[in-house]
Amino acid sequence: MNQIKTGKFIAEIRKAQGITQKQLADKLSISDKTVSKWECGKGMPEVSLMLPLCQTLGITVNDLLAGERVSAVDYQKKAEETIMDLVQENAENKKRMALSAICCGITMIAVCALVVIAAYIKLPTALRIVLLILAFLTAAAGIGAAAVLERKAGCFQCPACGNLFVPSMAEYVKGYHTFTKRRLTCPACGKTSMCKHRIVR
């Protein structure tokens with residue numbers, strides 16, 4: 001799925017019907033900021049909003065996901081392509097999460113090994129310091145790589161408005177987290193809360 005293409009399509013259909021972002025948002029009981037984010041390609045409508053949005057705009061869900069009107073002749077083919085894209089995207093997200101976990105594991109083992117060597121083996125002081133610096137750099141690089149992989153795996157869902165979004169790297173790193181949630185600011189409604197990490201859209 002191409003979020004930018006879908007966003008432009010939503011804007012095009014909305015304008016063709018003479019509806020403002022505010023009017024569309026009111027019909028869906030959401031904020032106009034959410035509609036704006038969709039149209040800018042910075043997020044996709046959550047699943048529960050897709051049917052009401054399509055009914056309001058007079059399009060099909062397949063049109064929405066394809067980012068264009070799908071002819072009756074191409075409908076089956078486009079539907080299959082959309083499903084395959086979703087399956088592939090979800091498989092890639094699971095792979096990224098697995099790589100992130102592996103990266104964290106290897107980093108922990110490497111850092112612990114370097115610290116143990118520096119602490120318990122007789123070495124010159126200068127070499128101990130070098131090993132500790134190397135352990136710190138290894139930890140920073142490993143955690144950074146794991147964070148990049150995890151951030152790209154799926155998206156986060158705002159508990160307030162249900163918007164699905166991918167945070168900036170800076171916001172992702174700053175936000176404290178649990179295993180499944182991270183404190184982030186939703187770009188649609190502006191609320192800061194514990195957003196659930198969703199691997200599958």
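The values are calculated or read from the model by the stated rules, or taken from the named source; none is laboratory data. The model shown is predicted, which means the values in this text are computed figures rather than measured ones. Virtual Cβ from ideal backbone geometry, glycine too; neighbours counted across all protein chains shown.
General remarks:
- Close pairs (9 angstrom Cβ cut-off, 6 or more residues apart or separate chains): in contact (Cβ under 8 Å) with a residue 60 or more places away in the chain in segment 170-189, small (Gly, Ala, Ser) and assigned to a helix (DSSP H, G or I) anywhere: Ala188/Ser36
- Taking segment 1-61 and the helices (runs of 4 or more DSSP H) fully enclosed by it, the elements with 1 or more residues that are in contact with a Phe, Trp or Tyr (Cβ under 9 Å, 6 or more places away or on another chain) are at 3-16, 32-39, 47-57.
- When residues in segment 121-154 are screened for being at pLDDT 90 or above, of a type outside the set (A, V, I, L, M) and assigned to a helix (DSSP H, G or I), 5 of them pass.
- Residue, farthest from Thr60 (Cα to Cα), within segment 79-119, restricted to residues that are surrounded by 13 or more Cβ atoms within 10 Å (Cβ to Cβ) and among the polar types (S, T, N, Q): Thr107
- Segment 39-57, subset among the hydrophobic types (A, V, I, L, M, F, W, C) and over 14 Å from the mean Cα position of the chain (by Cα), residue surrounded by the most Cβ atoms within 10 Å (Cβ to Cβ): Leu53
- For first residues located in segment 59-70 and surrounded by fewer than 18 Cβ atoms within 10 Å (Cβ to Cβ), partners that are of a type in the set (A, V, I, L, M) and lie 6+ apart or on another chain with Cβ distances below 6 Å form the pairs Val61/Met50.
- Residue, modelled with the highest pLDDT, within segment 155-201, restricted to residues that are more than 30 Å from Ile83 (Cβ to Cβ) and among the charged types (D, E, K, R): Arg183
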